[in-house]
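The values are calculated or read from the model by the stated rules, or taken from the named source; none is laboratory data. Bear in mind that the values here come from a model prediction, so they are computed numbers and not experimental data. With ideal geometry, Cβ positions are generated from the backbone for all residues, glycine too; neighbour counts draw on all protein chains shown.
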Amino acid sequence: MNMRQQMNAEGSPLIRRFVAKTPYETRLRNAAGVGTAGRNARILIIDDDVSVTPGLRRLLQDAGLHVDVMTSLRFPLAPGMFDDYHAVIVDVMVPQTNGFDGLRSICSVARLPVIVLTARGDEEDRITGLAMGADDYVVKPCRPREVVARVRALLRRCATRTLTDAADTDSTSRTSEGQDPGRNSAA
């Protein structure tokens, strides 16, 4: 029985409410909510490539996303540095980083989707980037509209995953308290 078909003791539909456990889940749900496809999400682009970044930024803004651009990373990265963002697009070849060290640092301090956008397109580089925590890997030269579509899809997947995880956590906590997850606690 899916969530829409679950009923409480009186036979009326059970309404599950998403309860955000962390500020990140709250921001992600608000930014990538149903029907908005990521509108109002904040995206950080970390790239120094002037041939790609301005056009990509404009397309992301036209899609209703808020975009900030950094041309380099300063180490060490602070744990709260990415708290205002819903996703990061990063080039692993930005100045002041050593290849994939920037990606590794971002993934270690932030719990948010990361898309690698880089000229390093060897199979080994792609595997390394994805293994280090990137959610997607796009090789330059690329089509900026495709990157925008990938960002929106990533925000949508992450919001769905967060909502599903929250519902599963809610069901697990009710079950562990001895309640039937298919019944309303008021019944």
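Points worth noting:
- Selection from segment 112-129 of residues that are more than 14 Å from Leu154 (Cβ to Cβ) and touching a Gly at 6+ places or on another chain (Cβ under 7 Å): none
- Top-ranked residue of segment 59-71 - restricted to ones that are in a loop (DSSP other than H, G, I, E, B) and in contact with a helix residue (DSSP H, G or I) (Cβ under 9 Å, 6 or more places away or on another chain), ranked as surrounded by the fewest Cβ atoms within 10 Å (Cβ to Cβ): Thr71
- Residue, modelled with the lowest pLDDT, within segment 83-111, restricted to residues that are of a type outside the set (A, V, I, L, M) and closer than 17 Å to Cys158 by Cα: Arg111
- Scanning segment 92-108 for residues that are exposed (fewer than 14 other Cβ atoms within 10 Å of the Cβ) and either charged (D, E, K, R) or not in a loop (DSSP other than H, G, I, E, B) (or both) yields one hit, Ser108.
- Residue list for segment 109-127, restricted to those being surrounded by fewer than 17 Cβ atoms within 10 Å (Cβ to Cβ) and either farther than 19 Å from Val52 by Cα or of a type in the set (Lys, Arg) (or both): Val109, Arg111, Asp122, Glu123, Glu124, Ile127
- Against the numbered list (1) under 22 Å from Ala63 (Cβ atoms); (2) surrounded by 13 or more Cβ atoms within 10 Å (Cβ to Cβ); (3) at pLDDT 90 or above, Cys158 comes up short only at (3).
- A Cβ distance below 8 Å, combined with a sequence gap of six or more or placement on separate chains, defines the contacts here; from segment 52-66, residues that are β-branched (Val, Ile, Thr) reach residues that are assigned to a helix (DSSP H, G or I) in the pairs Val52/Pro144.
- Pairs meeting the criteria (first residue in segment 90-112 and under 16 Å from Pro79 (Cα atoms) and among the basic types (Lys, Arg), second residue modelled with pLDDT under 90 and assigned to a helix (DSSP H, G or I), beta carbons under 7 Å, at least 6 apart or on different chains) are Arg111/Tyr24.
- Test: residue in segment 81-89 that is under 17 Å from the mean Cα position of the chain (by Cα), within 28 Å of Asp62 (Cα to Cα), surrounded by fewer than 21 Cβ atoms within 10 Å (Cβ to Cβ) and without any contact (Cβ under 8 Å) to a residue 12 or more places away in the chain: no
- Ala87 being among the small types (Gly, Ala, Ser) and more than 15 Å from Met132 (Cβ to Cβ): yes
- Scanning segment 50-72 for residues that are over 15 Å from Val94 (Cα atoms) and not small (Gly, Ala, Ser) yields Pro54, Leu56, Arg57, Arg58, Leu59, Leu60, Gln61, Asp62, Leu65, His66, Val67, Asp68.
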